[in-house]
Amino acid sequence: MIHRISSLFGRQSEALSAQDFEQLRAQATILEQDARGVKVLQLSDGRIFKLFRVRRLLSLARIYSYARHFCRNADGLARLGIPTVKVVRLLHFTGNADTAVLYQPLPGRTLRQLAQAGELDTKLMADFGRFVADLHARGVYFRSLHFGNVVLTPDNALGLIDIADLKLYRHRLHVGHRARNFRHLQRLKHDWDMVATEAVQAFIEAYFAASDLSARYQATLRSKFRYLPKT
């Protein structure tokens with residue numbers, strides 16, 4: 001049985017017993033797991049159950065959980081008008097410090113799926129460049145920014161998924177944060193290898209056209225593109 005409890009951090013959390021979890025898992029499809037067990041499930045109605053395990057005895061996650069951080073990011077992105085997942089429930093396990101979220105996935109196809117289908121063209125890559133510039137201007141620092149975590153929705157808007165590894169700042173990102181974010185974006189070379197050179201160039205130019213950065217900062221950031229064409 002799931003019990004709702006109040007929270008000092010705004011969103012209420014619900015207790016989930018081991019028995020409840022086993023019943024849930026029996027009726028769901030496993031999307032991701034590791035040596036410690038299930039990490040992500042998809043329910044029959046399409047909703048996603050994501051589990052966050054606490055790996056260390058001494059961890060800040062025991063005070064402010066990974067699942068709650070995920071919820072805060074989803075709420076923050078929604079307030080900014082950036083498409084993302086919709087959290088349905090925040091959950092904590094009875095008997096241990098593990099937590100979970102149940103959420104409605106963001107509909108659409110990822111940029112990786114579009115690239116694999118040969119549909120990540122110059123226009124869409126330019127839109128992606130403007131999207132990343134907008135994220136940086138709004139103070140969104142997403143360590144897991146890559147083609148697999150950016151979705152093109154049925155409304156032709158770009159949005160973010162798998163948002164646990166994300167921070168929201170009150171100010172636009174400084175050039176140092178932007179440079180680190182570009183390194184994250186380029187970690188998976190095979191993503192960029194699927195995109196035509198002119199489309200990659202369109203991403204770069206659209207980013208800088210929308211970012212309103214000084215020539216000095218632009219030069220600094222351009223030097224960070226390892227796999228992308230230099231101007």
Completion exercise
Whole-Hz Karplus couplings 3J(HN,Hα) for the stretch 168-174, θ = phi - 60° and coefficients 6.51, -1.76, 1.60, Gly and Pro as x, run 10, 9, 7, 10, 5, 5, 6
Fill in the blank from the handout: With label points set 7 Å from each Cα along the Cα-to-Cβ direction at R11 and A26, the distance between them in nm comes to 2.9
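At 1.4 Å probe size, with every protein chain present, just tell me what the per residue accessible area of the stretch 35-148 comes to in Å². It would help to have the intermediate numbers written out before the result.
On the way: 5270 Å² over 114 residues.
Result: 46 Å² of accessible area for each residue.
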Handout entry: Neighbourhood charge, 13 Å Cβ-Cβ cut-off, centred on L145 and excluding it, Lys, Arg +1 and Asp, Glu -1
Key = +3
Handout entry: When the stretch 183-226 is reduced to its Cα atoms, the Kirkwood hydrodynamic radius in Å
Key = 11.4
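State the percentage of accessible surface on the chain attributable to carbon and sulfur atoms; use a 1.4 Å probe and exclude ligands, DNA and RNA.
Roughly 50 percent of what the probe reaches on the chain is carbon or sulfur.
In what order, largest first, do H174, H184 sit by accessible area if the probe radius is 1.4 Å? All intermediate terms of the calculation are to be shown ahead of the outcome.
Working: H174 115, H184 35 Å².
Putting H174, H184 in descending order of accessible area: H174, H184.
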Exercise for the section: Please find the FRET efficiency linking K189 to T122, where r is the Cβ-Cβ separation and R0 is fixed at 25 Å, and quote it to the nearest 0.05. Expected result: 0.80
Fill in the blank from the handout: Rounded to the nearest 10 Å², the accessible area of T94 using a 1.4 Å probe with every protein chain kept is 70
Problem - Amide H within-cut-off set for L16, under 5 Å, with H built and near neighbours excluded - result: H92, F93, T94
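The values are calculated or read from the model by the stated rules, or taken from the named source; none is laboratory data. From a predicted model like this one, the values you see are computed outputs, not experimental measurements. All Cβ positions, even for glycine, are placed from backbone atoms using ideal geometry, and neighbour counts span all protein chains on display. Accessible surface is based on the protein model in full, side chains and every heavy atom, while ligands, DNA and RNA are left aside. Shrake-Rupley method; radii C 1.70, N 1.55, O 1.52, S 1.80 Å.
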